[in-house]
Amino acid sequence: MLFTAIGQLLFGGKIFFSDQNEVHYELANFNDFLSGMCTCWFLLIINNWNIISFNYARIFNTDLVYIFIISFYILVVLFTLNVTIALLIEYIV
């Protein structure tokens, strides 16, 4: 939820649906909290994160988007998810 709030502050209200794009990943945005949670879920399960990050970098014309997405990946996917699974396995076995 922290990355959703940060994403809303940085990217909120700036990405809209357009029929010109073929991929339609503009629906994965941070315009509201629920869309931000869905976008973070897409990033969590690594569902075409490269397309999402490329579209954000192209729209905002900066590479700082990659820092946001890579930090999300490192902190949430690699660290938190692995620690949670390790603790669950420890208590089950």
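Surface composition of the chain: carbon and sulfur make up 69 percent of the accessible area, probe 1.4 Å.
Taking all protein chains into account, the per residue accessible area for region 49-93 stands at 74 Å² (1.4 Å probe).
Between the Cα long axis of helix 49-60 and the first principal axis of the chain there is an angle of about 40°, rounded to the nearest 10. Here are several values of P(r) over Cα pairs in 10 Å bins from 0, in percent: [x] 14, 36, 35, 11, 3, 1; [y] 18, 56, 25, 2; [z] 16, 47, 24, 10, 3, 0. Which one was derived from the coordinates shown? After the calculation, the listed value that fits is [z]. With θ taken as phi - 60° and the Karplus curve 6.51 cos²θ - 1.76 cosθ + 1.60 applied, the whole-hertz 3J(HN,Hα) list for region 32-37 is 9, 5, 5, 5, x, 5 Hz, x standing for glycine and proline. When you restrict to C-alpha pairs under 8 Å that are six or more residues apart and normalise by the size of the chain, the relative contact order lands at 21 percent.
When only the Cβ of Lys, Arg, Asp and Glu is charged (+1, +1, -1, -1), the dipole of the chain relative to its Cα centre reaches about 140 debye.
Ranked by solvent-accessible area (1.4 Å probe, protein heavy atoms only, all chains present), the residues SER35, SER53 order from largest to smallest as SER35, SER53.
The residue list SER71, PHE30, TRP49 was ranked by how far each Cα lies along the charge dipole of the chain toward its positive end, using unit charges on Cβ atoms, and SER71 comes out on top.
The values are calculated or read from the model by the stated rules, or taken from the named source; none is laboratory data. Because the structure is a prediction, the values reported are computed rather than measured. Cβ: placed from backbone, ideal geometry, glycine included. Neighbour counts: every protein chain shown. Each accessible area value is taken on the protein alone, full model and side chains, heavy atoms only, with ligands, DNA and RNA left out. Shrake-Rupley method; radii C 1.70, N 1.55, O 1.52, S 1.80 Å.
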